[in-house]
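*Asks:* Before I ask anything, here is the structure I am working with.
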Amino acid sequence: MANIIGVRFKKTGKIYFFDPDGRRIRKGDAVIVETTMGKEFGEVVIPNRNIPDEKLEKPLKKIIKVATNKDRKQHEENKKKEKEALKICQEKIKEHKLNMTLTDVEYKFDRSKLLFFFSADGRIDFRDLVKDLAAIFKTRIELRQIGVRDEVKKLGGNGMCGRELCCCSFLGNFETVSIKMAKEQNISLNPSKISGNCGRLMCCLKYEQEVYEEKLARLPKIGATVKTSDGEGEVCRSRNVKRNYKSKV
């Protein structure tokens with residue numbers, strides 16, 4: 001068994017496991033950890049918990065420390081600098097006449113790297129832009145092109161249900177959603193009714209899919225003979241957990 005804590009770096013980001021290094025850490029505490037991208041400031045969403053070693057993909061990295069007030073101030077300062085960097089980058093994009101939309105900026109905790117997230121229809125030659133940004137911010141610059149789902153997640157918004165988008169409020173990962181799910185749930189295949197703000201199939205189609213699959217698996221197959229209170233019949237349709245019978249008499 002391994003003792004772990006779950007850390008999240010963004011409000012609806014993925015949860016990553018770390019070794020608490022013998023410390024008792026509470027939910028809501030802030031910690032400084034080392035990641036493949038550099039030092040990060042994160043919030044603990046899962047306090048100390050023991051899980052089987054076989055469920056861990058690789059050896060856990062230990063946390064560097066529990067965040068101090070000084071660390072929190074630096075994190076807040078980073079957030080302010082990110083807003084400034086976003087405005088500067090937008091101006092530079094216009095100067096270079098690049099067909100790209102800047103969506104977010106992210107400083108690593110120790111400011112060793114500054115990431116710019118953007119969306120674009122195709123590939124963009126941003127080498128000159130990177131040179132300008134590196135000269136201004138005096139740190140390592142990285143530009144990352146993101147998809148439409150990630151773009152909407154960063155921009156935020158409300159769905160047709162009137163609530164905040166799931167990807168902006170609680171979804172940590174995007175799961176595969178297929179048109180088959182809409183068909184099995186007997187939902188209209190009108191794109192305007194099954195597509196989210198991102199233009200892709202709505203994530204909520206996934207929520208009840210397991211229930212539909214379980215119910216459909218227990219129904220008699222099409223063509224099967226069944227007995228009902230009205231007599232014997234043949235199943236001619238099975239969809240949306242509704243049974244339809246064609247009488248033989």
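The values are calculated or read from the model by the stated rules, or taken from the named source; none is laboratory data. Note that the coordinates shown come from a computational prediction; the quantities given were computed from them, not determined experimentally. Positions of Cβ are generated from backbone atoms using ideal geometry, with glycine treated the same way; all protein chains shown enter the neighbour counts. Accessible surface areas use protein heavy atoms only, side chains included; no ligands, DNA or RNA. Shrake-Rupley method; radii C 1.70, N 1.55, O 1.52, S 1.80 Å.
*Asks:* Answer yes or no as to whether Gly6 is farther than 30 Å from Ala135 by Cβ and part of a loop (DSSP other than H, G, I, E, B). Show your work before the answer.
*Replies:* Numbers: farther than 30 Å from Ala135 by Cβ: yes; part of a loop (DSSP other than H, G, I, E, B): no.
No: the conditions fail for Gly6.
*Asks:* Within the bounds of region 28-50, is there any residue that is open to solvent by less than 40 Å² (accessible area, probe 1.4 Å) and touching a Leu at 6+ places or on another chain (Cβ under 7 Å)?
*Replies:* No, region 28-50 contains no residue that is open to solvent by less than 40 Å² (accessible area, probe 1.4 Å) and touching a Leu at 6+ places or on another chain (Cβ under 7 Å).
*Asks:* Hey, among Leu189, Leu171, which residue is surrounded by 12 or more Cβ atoms within 10 Å (Cβ to Cβ) and part of a loop (DSSP other than H, G, I, E, B)?
*Replies:* Leu171
*Asks:* Same structure, new question: Quick one: count up the residues across region 57-74 that are free of Cβ contacts under 8 Å to residues at least 40 places away in the same chain and either part of a loop (DSSP other than H, G, I, E, B) or touching a helix residue (DSSP H, G or I) at 6+ places or on another chain (Cβ under 6 Å) (or both). Steps first, answer last, please.
*Replies:* Looking only at region 57-74, we keep the residues that are free of Cβ contacts under 8 Å to residues at least 40 places away in the same chain, and these are 57-59, 64-65, 67-70, 73-74.
Filter again for either part of a loop (DSSP other than H, G, I, E, B) or touching a helix residue (DSSP H, G or I) at 6+ places or on another chain (Cβ under 6 Å) (or both), leaving 57-59, 67-68.
Here the count works out to 5.
*Asks:* List the residue pairs whose Cβ atoms are under 8 Å apart, where the first residue sits in region 185-202 and is under 24 Å from Gly156 (Cα atoms), the second is modelled with pLDDT of 85 or more and of a type in the set (Ser, Thr, Tyr), and the two are 6 or more positions apart or on different chains.
*Replies:* Leu201/Ser178; Leu201/Ser195; Met202/Ser195
*Asks:* Assess whether Gly28 counts as being under 25 Å from Leu171 (Cβ atoms), in a strand (DSSP E or B) and of a type in the set (Gly, Ala, Ser). Even if it seems obvious, please write down each step before you answer.
*Replies:* Values: under 25 Å from Leu171 (Cβ atoms): yes; in a strand (DSSP E or B): no; of a type in the set (Gly, Ala, Ser): yes.
It is false that Gly28 is under 25 Å from Leu171 (Cβ atoms), in a strand (DSSP E or B) and of a type in the set (Gly, Ala, Ser).
*Asks:* Within region 192-237, count every residue that is of a type in the set (A, V, I, L, M, F, W, C), over 24 Å from Glu164 (Cβ atoms) and part of a strand (DSSP E or B).
*Replies:* Number satisfying all stated conditions: 3.
*Asks:* State the number of residues belonging to region 103-136 that are farther than 25 Å from Lys11 by Cα and either open to solvent by 10 Å² or more (accessible area, probe 1.4 Å) or under 22 Å from the mean Cα position of the chain (by Cα) (or both). Break it down into steps so the answer makes sense when it comes.
*Replies:* If we filter region 103-136 for residues that are farther than 25 Å from Lys11 by Cα, which is where we start, we get 121-136.
From what is left, the residues that are either open to solvent by 10 Å² or more (accessible area, probe 1.4 Å) or under 22 Å from the mean Cα position of the chain (by Cα) (or both) are 121-128, 130-132, 134-136.
Counting residues in region 103-136 that are farther than 25 Å from Lys11 by Cα and either open to solvent by 10 Å² or more (accessible area, probe 1.4 Å) or under 22 Å from the mean Cα position of the chain (by Cα) (or both) gives 14.
*Asks:* Only one residue in Ile93, Ile4, Ile88 is open to solvent by less than 20 Å² (accessible area, probe 1.4 Å) and modelled with pLDDT of 95 or more, so which one is that? Before the answer, list the steps.
*Replies:* Working: Ile4 fails: modelled with pLDDT of 95 or more; Ile88 fails: open to solvent by less than 20 Å² (accessible area, probe 1.4 Å).
Of the residues listed, the single one that is open to solvent by less than 20 Å² (accessible area, probe 1.4 Å) and modelled with pLDDT of 95 or more is Ile93.
*Asks:* Okay, moving on. Test Ile25 against the criterion of being hydrophobic (A, V, I, L, M, F, W, C) and under 23 Å from the mean Cα position of the chain (by Cα), and give yes or no.
*Replies:* On the way: hydrophobic (A, V, I, L, M, F, W, C): yes; under 23 Å from the mean Cα position of the chain (by Cα): no.
Answer is no for this residue.
*Asks:* Right, here's the next one. Could you tell me which of the residues Val152, Val177 is under 18 Å from Thr101 (Cβ atoms), among the aliphatic types (A, V, I, L, M) and surrounded by 12 or more Cβ atoms within 10 Å (Cβ to Cβ)? Show your work before the answer.
*Replies:* Numbers: Val177 fails: under 18 Å from Thr101 (Cβ atoms).
Of Val152, Val177, the one residue that is under 18 Å from Thr101 (Cβ atoms), among the aliphatic types (A, V, I, L, M) and surrounded by 12 or more Cβ atoms within 10 Å (Cβ to Cβ) is Val152.
*Asks:* Against the definition (under 30 Å from Ser169 (Cα atoms) and at pLDDT 80 or above), how does Asn240 come out, yes or no?
*Replies:* Details: under 30 Å from Ser169 (Cα atoms): yes; at pLDDT 80 or above: no.
Against the criterion (under 30 Å from Ser169 (Cα atoms) and at pLDDT 80 or above), Asn240 does not qualify.
*Asks:* A further question follows. Every residue in region 75-127 that is assigned to a helix (DSSP H, G or I), in contact with a strand residue (DSSP E or B) (Cβ under 6 Å, 6 or more places away or on another chain) and acidic (Asp, Glu), please.
*Replies:* Passing the criteria: only Glu82.
*Asks:* Now a separate question. Among (1) touching an Asp or Glu at 6+ places or on another chain (Cβ under 7 Å); (2) surrounded by 16 or more Cβ atoms within 10 Å (Cβ to Cβ), which single condition is Leu143 missing?
*Replies:* (1)
*Asks:* Quick check on this structure: which one of Ala182, Ala134 is modelled with pLDDT of 85 or more, outside any loop (DSSP other than H, G, I, E, B) and farther than 30 Å from Lys92 by Cα?
*Replies:* Working: Ala134 fails: farther than 30 Å from Lys92 by Cα.
Only one candidate passes the filter, namely Ala182.
*Asks:* Which of the residues belonging to region 31-56 are part of a strand (DSSP E or B) and touching a residue at least 60 places away in the same chain (Cβ under 8 Å)? Full working, then the answer.
*Replies:* If we filter region 31-56 for residues that are part of a strand (DSSP E or B), which is where we start, we get 31-35, 38-51.
Scanning region 31-56 gives Ile32, Gly38, Lys39, Glu40, Phe41.
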